[in-house]
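The values are calculated or read from the model by the stated rules, or taken from the named source; none is laboratory data. Small disclaimer: the values here were computed from a predicted structure and weren't measured. For neighbour counting, all protein chains shown are included, and Cβ atoms are generated from backbone atoms with ideal geometry for every residue, glycine included. Keep in mind that these areas ignore ligands, DNA and RNA; they rest on the heavy atoms of the full protein, side chains included. Shrake-Rupley method; radii C 1.70, N 1.55, O 1.52, S 1.80 Å.
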Amino acid sequence: MKTNEFIFLAILLTGIILLPGCGSTKGYQGTKMESTDLARIRQGDHKLRIKGKKTSESALLVKVDTVSVGSYMKGFPKHTDVLPGERTVEIRHFQQWKDKAAMSGAMFGLIGASIAESNNPHTHYKLVFTAEKGKEYTILPMTDETTEKPLFYVIDATANDTIHPRVIQIEKKKK
């Protein structure tokens, strides 16, 4: 009986470890296209110091136009491929210094982490910019270390150029 429980726990733990990488890398509707006909958008990470402590922030990919690519439950992809043209990319601005879900998860398991996540003060933003065929973009959050006001940039890795997208903050719905 102990062996069966051990195997079950090992499989469960492996599934939990692999789950965060389950977001979709296809950020468009329709049949799969060649990568040369698409643009690629990457999650950006930024290291900074808040109140003298080292921390980080990320622009987690949630949605491209109307296509969901990531969420808290299924994970967030490191990148997603999109059709060329004007794209609206929804991101979750993850700020490590404000995250309470990680500690709750360690202390109270998945249920505790889910409750903490629903109360977590993360904010979603929509970034609007034009993606070109064959190019790769990174969405980079850059929070001011003094005011803690976030700014978002889109870095065109192909041309090594910075794009200033139109940024729309999504207000959290009051219950």
ask   = Among the listed pairs K149/K172; K78/K98; K47/K133, which are separated by more than 28 Å between their Cα atoms?
value = K47/K133
remark   = Expected vector for the range 44-57, Karplus 3J(HN,Hα) from phi with 6.51, -1.76, 1.60 and θ = phi - 60°, integer Hz, x for Gly and Pro, equals x, 10, 9, 9, 7, 10, 10, 6, x, 10, 5, 8, 8, 9
query = Over the range 125-175, one equal point on each Cα, no solvent: what is log10 I(q)/I(0) by the Debye formula at q = 0.14, 0.17, 0.19, 0.25 Å⁻¹?
reply = -0.44, -0.61, -0.71, -0.98
key: Accessible-area value, I91, 1.4 Å probe, nucleic acids and ligands omitted, Å²   = 0
key: R0 of 35 Å, Cβ-Cβ distance T66-W97: FRET efficiency to nearest 0.05   = 0.65
ask   = Out of residues 5 or more away from T123 or on other chains, whose amide H comes under 5 Å of its own, with H placed 1.01 Å from N in the peptide plane?
value = H93
task = Taking H placed 1.01 Å from N in the peptide plane, check which residues at least 5 places from F76 or on another chain put their amide H under 5 Å from its amide H.
result = C22, G23, S71
query = How would you rank 73-81, 58-66, highest first, on the average number of other Cβ atoms within 10 Å across their residues?
reply = 58-66, 73-81
